[in-house]
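Take a look at the structure set out below.
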Amino acid sequence: MANESVPISISGLAKTYGSFAALKDVSLAVGAGEFLSVLGPSGSGKTTMLMMLAGFVGADRGSIRFGGREVTSLAPHKRDIGMVFQNYALFPHMTVGENVGFSLRYRRISGETASGRIADALKMVHLSGFEGRSINQLSGGQRQRVALARAIVFNPAILLMDEPLSALDKKLREEMQIELRQLQQRLGITTIYVTHDQREALSMSDRIAVMNHGAIEQIGTPSEIYDNPKSLFIAQFMGESQCLRIRTVEGDALLGDRTLRTRGGPLKFGPSEHAFLVVRPEKLVVLKPGESPDEMNVLEGRIASSLFQGESIVLNTELDTGDTVTLRIASNQLARCSLPRPGDRVRLGLHSHDTIILPD
C-alpha cells in the first residue's frame, strides 16, 4: 500500500531560459488521490512543470507544496515522489529486481524487507517471477511495467509520469492505460501524468490541465474540457473539430442565413463581435427529408467525398455557405440509415446541446 495520499499545491510557479518563458506564474491545486493529466503541444511547458515538481529543475519564483510541506527547494530524493520517465531510465546492467529495488537503497531498506517490497511491486504490475531477468530480455510493455514498479516500490505519496506510454504501439498503449488507471485507483496515490495524447488524457483522468505557451489555458474534467472548451485553442487541440466563422447581425449569431441556437437558447453578441462555430464530426447527424427538429441547427450542402475507416465512415460535406465540414457515422449505424453518396444533397443536424460558439 502507498503512503497516505497528499494534495499538491502550486502557486505562481515560473521558469525562464534566457528570454524564453517556459512557465508563466502557474498556479494549480491537485486533490489527494486525484489523477490529473497535463496536456499540451510541444513547448507548452508541461514537462518543465513536471520536472520542477520532481525537483530536477529549479523554480525562478513560486511555491510547491506537497500536503502542508514546502518542497520548492528540496532535492528530488527528499520529496517522497515516484517518477516514471518517458524513456523509462532503466539500468541495462542490472536485473529487473535490482532496477526495481534501486530506490530502496537510498532509503536504507535491504534484506528480506526489500525483497518483499520488490516482489509486491512486481506483482502489482503483473511481473511476478521476473526478478532475475535482464532488462534486455524484456519487451517494451514489460520495461514500462518495471519502470512503474520502481516508482511505487517505496510507497511514495505522489506519482509523477512523463509520457510513459509514448514508445508503445497503439494496442499495448491502450491496454496499459487501463492497467495504469486501475493501479492508481487501487493505490489511491496522487498522480500527475504528462502526455501529448488527447485520447489518453480523456480516458484516464479525473481532471485535465491543458497548457499553452507556458500557462494553463483550461482545467476541468474530461467532459468539461471536450464539451465546453473555453477557447479556440482548446476546441481545436482536443479531438477533431472544424471552426466555421459566423456572422453577428443585430446581436444574433448566424451561419449563412440561419440563427444558431445553443443549449441556453439564441446567443446575443455585440455589434462588432466575431465568433466561430465549433463542429465535432461525431456530433453531426444526417436529417431525413423534411425533418427539421426544433432543437437542431441545420446545415445544408453537398457530399464531396466519403472515406471508409473501419469502425466509421467519414463524409466530407461542402456547405452552401462555402465552408467544409466532416461528418463521422459509426459503421454499425449504416444498416439503419441510407448513406449519402458523393454529389448528393444533404441536410445535417447539429443539436443545440452540442453547439459550441466561441469568440474570435
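The values are calculated or read from the model by the stated rules, or taken from the named source; none is laboratory data. Being a predicted model, the structure only gives us computed values, none of them experimental. Here Cβ is always computed from backbone atoms with ideal geometry, including for glycine, and neighbour counts include all displayed protein chains.
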### Summary
Counting only residues in the range 151-165 that are in a loop (DSSP other than H, G, I, E, B) and not hydrophobic (A, V, I, L, M, F, W, C), the one surrounded by the most Cβ atoms within 10 Å (Cβ to Cβ) is identified as P164
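When the range 166-203 is examined, which residues are found to be among the hydrophobic types (A, V, I, L, M, F, W, C) and more than 19 Å from A147 (Cα to Cα)?
First, the residues of the range 166-203 that are among the hydrophobic types (A, V, I, L, M, F, W, C): 167-168, 172, 176, 178, 180, 183, 187, 189, 192, 194, 201-202.
Hits for the range 166-203 are A201, L202.
For the range 106-115, indicate whether the set of residues that are under 28 Å from the mean Cα position of the chain (by Cα) and in the same structural domain as E174 (by TED's automatic domain parsing) is non-empty.
no
Among residues belonging to the range 263-282 that are surrounded by fewer than 17 Cβ atoms within 10 Å (Cβ to Cβ) and part of a strand (DSSP E or B), point out the one that is modelled with the highest pLDDT.
Pass one, the range 263-282, residues surrounded by fewer than 17 Cβ atoms within 10 Å (Cβ to Cβ): 263-266, 268, 270-274, 282.
Cutting the leftovers down to part of a strand (DSSP E or B) gives us 265-266.
Working: G265: 64, P266: 60.
Residue satisfying both the conditions and the ranking: G265.
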### Query
Restricting attention to the range 166-180, does a residue exist that is crowded, with 17+ Cβ neighbours inside 10 Å and part of a strand (DSSP E or B)?
no
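Among the residues of the range 244-263, count how many are polar (S, T, N, Q) and in contact with a helix residue (DSSP H, G or I) (Cβ under 9 Å, 6 or more places away or on another chain). Show your work before the answer.
Looking only at the range 244-263, we keep the residues that are polar (S, T, N, Q), and these are 248, 259, 262.
Restricting the remaining residues to those that are in contact with a helix residue (DSSP H, G or I) (Cβ under 9 Å, 6 or more places away or on another chain) gives 262.
Here the count works out to 1.
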### Query
How do the strands (runs of 3 or more DSSP E) wholly within the range 28-147 filter down when requiring 2 or more residues that are surrounded by fewer than 14 Cβ atoms within 10 Å (Cβ to Cβ): which remain?
none
### Task
Would you check if there is a residue in the range 205-220 being under 11 Å from I357 (Cα atoms) and surrounded by 19 or more Cβ atoms within 10 Å (Cβ to Cβ)?
no
### Task
Consider L50 carefully, then state whether it is touching an Asp or Glu at 6+ places or on another chain (Cβ under 6 Å), modelled with pLDDT of 95 or more, assigned by TED's automatic domain parsing to the domain that holds L159 and not acidic (D, E).
yes
### Summary
Exception for H77 within (1) closer than 23 Å to L165 by Cβ; (2) at pLDDT below 90 falls at (1)
### Message
over 18 Å from the mean Cα position of the chain (by Cα), outside the structural domain of F276 (by TED's automatic domain parsing), within 20 Å of G82 (Cα to Cα) and modelled with pLDDT of 90 or more: which single residue out of V146, V125, V194 fits that description?
### Response
V146
#### Entry: Contacts under 7 angstrom Cβ, first residue in the range 170-190 being more than 14 Å from G140 (Cβ to Cβ) and at pLDDT 90 or above, partner among the charged types (D, E, K, R) and not in a helix (DSSP H, G or I), 6 or more apart
T190/E34
